[in-house]
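> Below is one structure. I have some questions about it.
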Amino acid sequence: MSEQSQAPVAGRGVEGVLARCREEGRAALIGYLPVGYPTVEHSIGAMTAMVEAGVDIVEVGVPYSDPLMDGEVIQIAAATALERGVRVDDVFRATAAIRAAGAPPMVMTYWNLVVRQTPEVFARRLAEAGGAGLITPDLIPDEAAEWIAASDHHGLDRSFLVAPSSPEERLRAVTSACRGFVYVASTMGVTGARSSVGGAAAELVARTRAVTDVPLCVGLGVSTREQAAEVASYADGVIVGSALVKTLQDEREPERGFPALRALVGELAAGVREGHR
Amino acid sequence: MSERTSPGPDAAEIPGRFGEFGGRFVPEALIPALEELDEARQKAMVDPEFVAELDELHRTYTGRPSIITEVPRFAAHAGGARIVLKREDLNHTGSHKINNVLGQALLTKRMGKRRVIAETGAGQHGVATATAAALMGLECTVYMGRVDTERQALNVARMRMLGAEVIPVSHGSATLKDAINEALRDWVTNVGHTHYVLGTVTGPHPFPEMVRDFHKIIGEEAHDQVLALTGRLPDAVIACVGGGSNAMGIFHRFVGEESVRLIGVEAGGEGIESGRHAARFASASPGVLHGARSYLMQDEDGQTVETHSISAGLDYPSVGPEHSFLRDTGRAEYRHATDEQAMEAFRLLCRTEGIIPAIESSHALAGAIEVGRELGPEALLLVSLSGRGDKDMHTAAEYFGLIDGQGAPTEAATGEAHSASEAAHAPEAGVQE
C-alpha cells in the first residue's frame, strides 16, 4: 500500500489524492493524530507510519486548551501533549514530515490558534511547511473572511463542517466556501468511537451531495474496518481519529503502539476498498 | 443599537457584533439552534404576552424591583462620596443571575424544548438555573468544575435539592471555562431537545445581547430610583466584571448618558505582576474563546491561560464582547481589585452597613472606595451589589481566620481583633488602576 502513497500529487491540496482514489473506485482514508502525543517526535513518527500503512491524507491535530468538539480520548491526548510542552510551531515540523512521506497533511485546528498568529501568517507558514490546508471545527464560513483570503493567497484547502442539523441553505453556504473536501460530521456530538455511525451520516451525505460537487469526507465515530466500509459506500473519504489515538496510549514505550497503529490503518485501508457504491 | 459600529463590510453582514468583538465561533452543528434562539428571543421581546409573563415572575418570584440602599457609614471610608447600592443580592436565589435565567427558561418552553443545561463557577448561575427548571418543570443538568464543586459544596447540594443533576468536570483546569466546554459538548449532542442557559454576556450571538437584555432591568430600575432619591444621575456606575452580566445589566441604561462614567472592576487576584489574576483588560489581547471574539488571557500560541481570583465568579479568562467594545471605544473604563482589596471591602460593608456582599460584588465595592476617594464628597456613585455573600462564608471565615483548618471557630478571631482591624485596614482598601 505504501506505493500508492508515494504517487505524485498535483498541487498542494488534497484534490489530486481524492481524484486518484475516485479513479480507483474507492473512498480515501484520512487518519487523525494530534501533534505532541505522546511526544512530538513520536507523534511525527506515528503520522509517517500511518502514511506508510495506507492512509491517503493525514489530519494533523493541533492540541488546544479548550477542545470543545473533542471527546475524551482526544481531550486527554491534547492535554497530555500540552503538559509536555507541545507548541503550535511543532505542527509545521509534522506537516513537512508527512509531505515528505508522500501524503498531504490537512491541519485540524481550533480557530484561536490561527487568530493568534493572524490567518495570513499561519497560512504562509503552513504552505511553506507542505501543508494542504485547514479543517476548522469552530470556524463557520460567515466568520472566515480573513481565512478565505489567506488560503486563496497561499493555495490552501479549506474544510468547513456540515452537521446533521444543517438545513439546506447552510449546506449550500458551507460547501460553497470549502475547497478540497467538506468535513461531514456523521452525528450530532463530539469526536470518539461509536458502536454505530448511524443512518444520519448517509442521509446527510445525500443531502450535501445534492448541493455541491466538492468531495465529502465523513468523520466522527468511525473506528473499525466494517464501519469504514459502510461509510465508504456513500462518502468520498472516511476520517478516523480517536481509534488511532488509542493505539498510542502506552505511556512507557510509545513505539509499542506503532504495530497496532499500522495494523489498524491496514484494516481501515482495506475497509475503504470494500465499500461498494 | 446606536452604540454599535460596523468597521467593515464583513462585520456588517454578521449579527451580534460589537465593533470587532462578538460573533459566532462555534461548530456548524450549533448554528441552527442559535438561529432558532435568536428568532425566538426577538419575537418574545416584543410579544406582550411574554413580556407580561416575565414581568409577573419578576414581581411575584424574583422580588423585583430590587431596592436601592444608600450606605453612608461605608461611604465614609470612600472619600465621603454618596454611595448607593443596587440590591440584586436581595433577589430570589441571592444574585442577579435569576433575571437572565427566568427569561431563558421561558424561551426554552416557547421553543418546545424540555431540558436545560448550564455551566456554573461559584454556583450562583447553576442554582438559579436549577431553580427556574424546578419552577417550570424542565430537566436540568449543571456542569461545574471539580475544583469548584469542592470549593462550593453547599451550592452543589442546593442544586441537587432542587432536582438538578450536577456533573463535576475534571478536564483541563477543572474550573468555569472547562464547565463551559463540557456544556457546549452536551449541547452539540442534545441540541434537539436541550437549551443551553448560558450564564453571562459572552458566548456566540445571540447570547451576549440576549443575556444583557434580560439584565438591563437592573440599570433601568436603578436609573429611576437614583433620580428619585437624589434628583440627579450618578457620576459613576460601578460593577464587577467576570463574564460581565451584572455590569452590562446596570450599564446598559446609562450608556447613552454621557455624564455618567461606567466603571468595571475585574479580579486582580494576587496582583497583575504575580500573573495570578483575571484582569483581562490589564494584560490580555483579543482572541476567540467559547464562541466570541473578545479580550482573552492567552499565551504566545493562543492557548488559554489559567486565571486566579478568590472569587470563583470572576475567575474566567475572557470577558463579554460588549465590554471589550465599550473599553476600546473609551465609553467604559476598567480597573481591578486584588483579592486583598476585595476582602477588605467585603469586611467593611459587613461592619459598617450590616450587609454581607458576595466576594464578586466586593470587587465593585473596592472600586467604589477608590473612585470615591478620587472624586470626593460631591460625587454620587451607583454600585451594583450583584449578589449576597452567604455562599462565601466559608472562604471569608478562612480568610479572616474565623475558623481553623477543620472548620471550627477560632478563639482569637471572634473577639476584639476585628473592631481594631477595621480602623487599621480600611485606608488600604481600594483598587489599583
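The values are calculated or read from the model by the stated rules, or taken from the named source; none is laboratory data. Because the structure is a prediction, the values reported are computed rather than measured. Virtual Cβ from ideal backbone geometry, glycine too; neighbours counted across all protein chains shown.
> Is it the case that some residue within region B:403-424 is at pLDDT 85 or above, in a helix (DSSP H, G or I), in contact with a helix residue (DSSP H, G or I) (Cβ under 8 Å, 6 or more places away or on another chain) and farther than 23 Å from B:Leu90 by Cβ?
no
> Next up: So which residues in region B:352-392 are among the hydrophobic types (A, V, I, L, M, F, W, C) and either free of Cβ contacts under 8 Å to residues at least 12 places away in the same chain or buried (at least 24 other Cβ atoms within 10 Å of the Cβ) (or both), if there are any at all?
Those that are among the hydrophobic types (A, V, I, L, M, F, W, C) and either free of Cβ contacts under 8 Å to residues at least 12 places away in the same chain or buried (at least 24 other Cβ atoms within 10 Å of the Cβ) (or both): B:Ala358, B:Ile359, B:Ala364, B:Leu365, B:Ala366, B:Ala368, B:Ile369, B:Val371, B:Leu381, B:Leu382, B:Val383, B:Leu385.
> Any idea which of B:Gly302, B:Gly287 is outside any helix (DSSP H, G or I), without any contact (Cβ under 8 Å) to a residue 24 or more places away in the chain and within 14 Å of another protein chain (Cβ to nearest Cβ)?
Selected residue: B:Gly302, the only one of B:Gly302, B:Gly287 that is outside any helix (DSSP H, G or I), without any contact (Cβ under 8 Å) to a residue 24 or more places away in the chain and within 14 Å of another protein chain (Cβ to nearest Cβ).
> Quick one: which residue in B:Pro9, B:Pro15 is at pLDDT below 95, within 26 Å of the chain's Cα centre (by Cα), within 11 Å of chain A (Cβ to nearest Cβ) and closer than 18 Å to A:Pro141 by Cβ?
B:Pro15
> Of all residues in region A:91-106, which are within 14 Å of chain B (Cβ to nearest Cβ) and either of a type in the set (A, V, I, L, M) or touching a residue at least 60 places away in the same chain (Cβ under 8 Å) (or both)?
A:Val91
> Return only the number of the condition from (1) under 17 Å from B:Tyr399 (Cβ atoms); (2) in contact (Cβ under 8 Å) with a residue 40 or more places away in the chain that B:Arg276 does not satisfy.
Single failed check for B:Arg276: (2).
> Of all residues in region A:186-206, which are touching a helix residue (DSSP H, G or I) at 6+ places or on another chain (Cβ under 6 Å) and of a type outside the set (Ser, Thr, Tyr)?
A:Met188, A:Gly189, A:Val190, A:Gly192, A:Ala193, A:Val197
> Here is a further query. Only one of B:Ser274, B:Ser245, B:Ser294 is among the polar types (S, T, N, Q) and within 19 Å of B:Gly367 (Cβ to Cβ); which? Write out each step before concluding.
On the way: B:Ser274 fails: within 19 Å of B:Gly367 (Cβ to Cβ); B:Ser294 fails: within 19 Å of B:Gly367 (Cβ to Cβ).
The match here is B:Ser245.
> Also, I was wondering about something else. Considering only strands (runs of 3 or more DSSP E) fully contained in region B:59-122, which possess at least 3 residues that are modelled with pLDDT of 95 or more and in contact with an Asp or Glu (Cβ under 9 Å, 6 or more places away or on another chain)?
Output list reads B:82-87, B:115-120.
> Still on this structure: Step by step: first the residues of region B:306-351, then only those that are assigned to a loop (DSSP other than H, G, I, E, B) and at pLDDT 95 or above, then the one that is surrounded by the fewest Cβ atoms within 10 Å (Cβ to Cβ). Which residue is that?
The selected residue is B:Gly330.
> Ok, one more. For the condition under 17 Å from A:Gly275 (Cβ atoms) and within 11 Å of another protein chain (Cβ to nearest Cβ), what is the one hit in A:Val222, A:Val162, A:Val240, A:Val184?
After ruling out the rest, the residue left standing is A:Val184.
> Shifting gears a bit: Considering only residues that are modelled with pLDDT under 95 and in contact with a helix residue (DSSP H, G or I) (Cβ under 6 Å, 6 or more places away or on another chain), look in region B:123-150 and name the one that is nearest to A:Glu72 (Cα to Cα).
Per the stated criteria, the residue is B:Gly145.
> Cβ-Cβ under 7 Å, sequence separation 6+ or interchain: first residue in region A:75-89 and facing chain B (nearest Cβ under 7 Å), partner charged (D, E, K, R). Which pairs?
Going by the 7 Å Cβ cut-off, the qualifying pairs are A:Arg87/B:Asp301; A:Val88/B:Asp301.
> List the number of the failed condition for A:Ala201; all other conditions in (1) within 19 Å of A:Ser165 (Cβ to Cβ); (2) aliphatic (A, V, I, L, M); (3) surrounded by fewer than 24 Cβ atoms within 10 Å (Cβ to Cβ) hold.
(3)
Rundown of residues vs (1) more than 10 Å from chain B (Cβ to nearest Cβ); (2) within 25 Å of A:Val245 (Cα to Cα); (3) within 18 Å of the chain's Cα centre (by Cα), yes/no style:
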site	(1), (2), (3)
A:Pro119	yes, no, no
A:Arg125	yes, no, no
A:Gly131	yes, yes, yes
A:Ile135	yes, yes, yes
A:His153	yes, no, no
A:Ala177	yes, no, yes
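> Out of curiosity, is A:Val14 among the hydrophobic types (A, V, I, L, M, F, W, C), within 14 Å of chain B (Cβ to nearest Cβ) and buried (at least 20 other Cβ atoms within 10 Å of the Cβ)?
no
For every residue, the table says whether it meets (1) charged (D, E, K, R); (2) out of contact with any Lys or Arg (no Cβ under 7 Å at 6 or more places or on another chain); (3) assigned to a loop (DSSP other than H, G, I, E, B).
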| site | (1), (2), (3) |
| --- | --- |
| A:Arg194 | yes, yes, yes |
| A:Val197 | no, yes, yes |
| A:Leu204 | no, yes, no |
| A:Thr208 | no, yes, no |
| A:Thr212 | no, yes, yes |
| A:Val222 | no, yes, yes |
| A:Glu230 | yes, yes, no |
| A:Val238 | no, yes, no |
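> Here is a further query. Would you pick out the residues in region B:79-105 that are among the hydrophobic types (A, V, I, L, M, F, W, C) and more than 14 Å from B:Val211 (Cβ to Cβ)? Let's see the steps before the verdict.
Going through region B:79-105, the residues among the hydrophobic types (A, V, I, L, M, F, W, C) turn out to be B:81, B:83-85, B:90, B:98, B:101-102, B:105.
Once the filter is applied, which keeps residues that are among the hydrophobic types (A, V, I, L, M, F, W, C) and more than 14 Å from B:Val211 (Cβ to Cβ), region B:79-105 yields B:Ala81, B:Ile83, B:Val84, B:Leu85, B:Leu90.
> Provide a single number: the residues in region B:44-71 that are surrounded by 12 or more Cβ atoms within 10 Å (Cβ to Cβ) and free of Cβ contacts under 8 Å to residues at least 24 places away in the same chain.
Residues that pass the stated criteria total 3.
> Could you figure out which of (1) at pLDDT 95 or above; (2) within 12 Å of another protein chain (Cβ to nearest Cβ) isn't true of A:Met69?
The failed condition is (1).
> Kindly indicate which of B:Val237, B:Val188, B:Val226 is assigned by TED's automatic domain parsing to the domain that holds B:Ala40, more than 12 Å from the chain's Cα centre (by Cα) and touching a residue at least 12 places away in the same chain (Cβ under 8 Å). Please lay out each step first, then the result.
Working: B:Val237 fails: assigned by TED's automatic domain parsing to the domain that holds B:Ala40; B:Val226 fails: assigned by TED's automatic domain parsing to the domain that holds B:Ala40.
Of B:Val237, B:Val188, B:Val226, the one residue that is assigned by TED's automatic domain parsing to the domain that holds B:Ala40, more than 12 Å from the chain's Cα centre (by Cα) and touching a residue at least 12 places away in the same chain (Cβ under 8 Å) is B:Val188.
> Mind counting the residues in region A:120-139 that are farther than 20 Å from A:Gly189 by Cα and buried (at least 24 other Cβ atoms within 10 Å of the Cβ)?
Total meeting the criteria: 7.
> Also, I was wondering about something else. Scan region A:170-182 and report the pairs whose first residue is touching a residue at least 40 places away in the same chain (Cβ under 8 Å) and whose second residue is part of a helix (DSSP H, G or I) and among the basic types (Lys, Arg), with Cβ atoms within less than 8 Å and a gap of 6+ or a chain change.
That search, which allows pairs on different chains as well, returns A:Leu171/A:Arg207.
> Where in region B:144-251 are there helices (runs of 4 or more DSSP H), lying wholly inside it, with at least 3 residues that are of a type outside the set (A, V, I, L, M) and within 14 Å of chain A (Cβ to nearest Cβ)?
So the answer is B:176-190.
> Being surrounded by 15 or more Cβ atoms within 10 Å (Cβ to Cβ), at pLDDT 95 or above and assigned to a helix (DSSP H, G or I) is the requirement here; does B:Arg41 meet it?
Spelling it out, B:Arg41 is indeed surrounded by 15 or more Cβ atoms within 10 Å (Cβ to Cβ), at pLDDT 95 or above and assigned to a helix (DSSP H, G or I).
> In region A:250-277, what residues are surrounded by 15 or more Cβ atoms within 10 Å (Cβ to Cβ) and outside any helix (DSSP H, G or I)?
The answer is A:Gly275, and nothing else.
> Now for a separate question. Inspect all residues belonging to region B:132-147 and state whether any of them is crowded, with 23+ Cβ neighbours inside 10 Å, out of contact with any Gly (no Cβ under 8 Å at 6 or more places or on another chain) and in contact (Cβ under 8 Å) with a residue 12 or more places away in the chain.
Here is the first cut: in region B:132-147, the ones crowded, with 23+ Cβ neighbours inside 10 Å are B:132-133, B:140, B:142-145.
Applying the additional criterion that residues be out of contact with any Gly (no Cβ under 8 Å at 6 or more places or on another chain) yields B:132, B:143.
If we keep only those that are in contact (Cβ under 8 Å) with a residue 12 or more places away in the chain as well, we get B:132, B:143.
Checked against the condition, which is being crowded, with 23+ Cβ neighbours inside 10 Å, out of contact with any Gly (no Cβ under 8 Å at 6 or more places or on another chain) and in contact (Cβ under 8 Å) with a residue 12 or more places away in the chain, region B:132-147 yields at least one hit.
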